[in-house]
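Down below is the structure, laid out as structure tokens.
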Amino acid sequence: MDYTYNSLDDISREAEMLMKLSKKELGGISEETILRLFCEAERLVISKTQELANSLGFDKLNSVRLVCFKRNNRLGTCDKYGNIKIDFKTFFGYGYSGIISVLVHELCHTEHHNHSKEFWTLFEHYSKKVGILSLEYNGWWTENKESDNPYMYNCPWEYLDHPHKYKIIRDKICTPFPYRNTFLVKRKLNNELIAQLT
Ligand SMILES: [Zn+2]
């Protein structure tokens, strides 16, 4: 297996492949393998978000991190200082366009720190610009109101046990303190692994 990924699409494909395994098979995958995937995903999320910010003209982005949130219904957050966090689970079932959608969503929060009509109008505009929403589509606001529910991203979690499978992945990253952030993830990585990835 090759653990060098060139794009978010590669990571998304690998994540989808992992979700096709049985729980037993997932349990047998080493922590190091999952940590490598996480670190590669973070590297690519950071560069893609910066690339999108530059090309779309968002100038208030401060930082981007990949995390494992405790709350299961969140895919991303953005604070008022422009610090964006993306949940690793976004890779496991939302597909490439879902990931880009979450990045654009959080970038729009660097301008509007709410889910107002202005926010959704901006989100719709940039989603069309990056090609993840049909140009004919008009009405995100009408359909979704203030909803910020992950399922509006057309989540294809077609398998009922999908969230349970993802939990196996998450626990490999976050143990022995489940659900904490990348600080703990990185502490777990040995120097050799970090050197290979940087
Ligand atoms: Zn939001």
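Here are some notes:
- The set of residues in segment 15-39 being within 23 Å of Ile132 (Cα to Cα) and surrounded by fewer than 19 Cβ atoms within 10 Å (Cβ to Cβ) consists of Glu16, Met17.
- Sole residue being of a type outside the set (Lys, Arg) and either farther than 22 Å from Ile168 by Cβ or exposed (fewer than 13 other Cβ atoms within 10 Å of the Cβ) (or both), chosen from Leu66, Leu56, Leu75: Leu56
- Looking across segment 61-100, the residues that are within 15 Å of the ligand (Cβ to nearest atom) and within 13 Å of His113 (Cβ to Cβ) come down to Thr77, Cys78, Asp79, Lys80, Gly82, Asn83, Ile84.
- Out of His105, His125, His113, His162, sole residue that is modelled with pLDDT of 85 or more and either touching a helix residue (DSSP H, G or I) at 6+ places or on another chain (Cβ under 7 Å) or of a type in the set (A, V, I, L, M, F, W, C) (or both): His105
- Residues within segment 33-86 that are modelled with pLDDT under 90 and assigned to a loop (DSSP other than H, G, I, E, B), tallied: 8
- Test: residue in segment 42-56 that is touching a Phe, Trp or Tyr at 6+ places or on another chain (Cβ under 6 Å), of a type in the set (Gly, Ala, Ser) and in contact (Cβ under 8 Å) with a residue 24 or more places away in the chain: no
- Odd one out for Gly131 among (1) more than 12 Å from the chain's Cα centre (by Cα); (2) within 16 Å of the ligand (Cβ to nearest atom); (3) modelled with pLDDT under 90: (2)
The values are calculated or read from the model by the stated rules, or taken from the named source; none is laboratory data. What you see is a predicted model, and the numbers here were worked out from it, not measured in a lab. Methodologically, a virtual Cβ is constructed for each residue, glycine included, from the backbone with ideal geometry; neighbour enumeration extends over all protein chains shown.
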